[in-house]
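What follows is a short report on a single structure.
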Amino acid sequence: MSDFAQIGLITTLQRLNDTHLASLEGELVDVARTRPIALVLPCHGSELDRPALGHLVRELHGAEWLSEVVVSMNGPDEGARGRAEAVFAQLPQRVRVLWHADPASGGRPTGKGQNVDAAFRLLQEEGRTEVFATQDCDVVSFRRHDLARLCYAVTHPQLGFRFAKAYYSRATDRLYGRVTRLFLSPLLHACVRVAGHQPLLSFLTSFRYPLAGEIALTRELAAKLPIAPGWSLELSMLCDVFRHVDPREVCQVDGGGGYDHKHQPAAAVVNGMAQEIASELFRQMSVEFPCGPEIRALVAAAYRRESEQAVRRSSALAKMNHLPFDEEAERALVATFAETCFRNE
């Protein structure tokens, strides 16, 4: 994305060219000698056999600026340990695998939030690395230099950022990112219409892709942030960052286009992700300002109007770029979001 507009409370670091990538990685190698970087890979056992993880490992092989990789894995089957050892042994960095819910030990099932939390706790206790980064393991289009840019934003002392979040275009052969496009973005706009420009809402609406799973942050900040266990992980973290960090020390980093990862089926999105996100957003808003039943009912009504506009915008974007767009299906999904998440409002 070649624009350089700065809109909102946080800094946006766009990718203006490709010529800087090699020198940026070289500079990051030097900076990381005094501020070591650890990468956390929250991973599900089912991802061990998918092409995306093999591609990610091949890309990370050249990341000389990474001092270590912590793979925090849930959902392993009986043969997962051997397969994980074979996959991650290819990396030149120091690698450790944390196992959760091992069937042999009768452990309780965990999810991405618990995976991230366990890895952060381990790294904090050891105190060897100064910057933590996370990367989802199901990203088919992963590029090492995009992660390098994200880490550079927090690691380089001259920039002064304590928290960085990636953003990217969720479009390949069609528009994806339904939960952001059709649910969270119009929901945040609805909240602003009802509650006004509250500081928390102004902060959240500054992010181009608030549900992105890729972040970088200082060890000191990571120690202060509680990690939500479910689908609300990313939103909850942003709300806690809002309370602990000056917006001038927060940035979002352009992760490029063509971003492609495992697409969730609509039923899973509606019944799980959107409900948890809505509940978490209302919980976080209630900490900052009164957010009782009357406010929630007004937000629900405003969401229905804002979501119509979201569909219209998506339709125009798809048409302009000659991408297929099923407007009927998108409107049906919006209606289901409204019914499922606001049925009591």
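Things worth noting here:
- Per the listing E308, E339, the residue uniquely over 21 Å from P199 (Cβ atoms), assigned to a helix (DSSP H, G or I), modelled with pLDDT under 95 and acidic (D, E) is E339.
- Whichever residue in segment 204-224 is modelled with pLDDT of 95 or more, surrounded by 21 or more Cβ atoms within 10 Å (Cβ to Cβ) and of a type in the set (A, V, I, L, M, F, W, C) and, among such residues, is farthest from the chain's Cα centre (by Cα): A222
- Residues being surrounded by 15 or more Cβ atoms within 10 Å (Cβ to Cβ) and either within 12 Å of V194 (Cα to Cα) or polar (S, T, N, Q) (or both) - total across segment 286-300: 6
- Failed criterion for Q90 (all others in (1) over 21 Å from T218 (Cα atoms); (2) surrounded by 13 or more Cβ atoms within 10 Å (Cβ to Cβ) hold): (2)
- Out of L28, L24, sole residue that is part of a helix (DSSP H, G or I) and surrounded by 20 or more Cβ atoms within 10 Å (Cβ to Cβ): L28
- Unmet requirement for L123, which otherwise passes all of (1) in a helix (DSSP H, G or I); (2) crowded, with 24+ Cβ neighbours inside 10 Å; (3) among the aliphatic types (A, V, I, L, M): (2)
- Here R128 clears all of (1) in contact with a Phe, Trp or Tyr (Cβ under 8 Å, 6 or more places away or on another chain); (2) more than 20 Å from L238 (Cα to Cα); (3) in a loop (DSSP other than H, G, I, E, B) except the condition numbered (1).
- For R94, the conditions (1) basic (K, R); (2) within 23 Å of the chain's Cα centre (by Cα); (3) modelled with pLDDT of 95 or more are fulfilled apart from (2).
- Condition met for V71 (among the β-branched types (V, I, T), crowded, with 18+ Cβ neighbours inside 10 Å, part of a helix (DSSP H, G or I) and assigned by TED's automatic domain parsing to the domain that holds V139): no
The values are calculated or read from the model by the stated rules, or taken from the named source; none is laboratory data. Keep in mind it's a predicted model, so treat the numbers as computed, not measured. We place every Cβ from the backbone using ideal geometry, glycine too, and count neighbours over all the protein chains shown.
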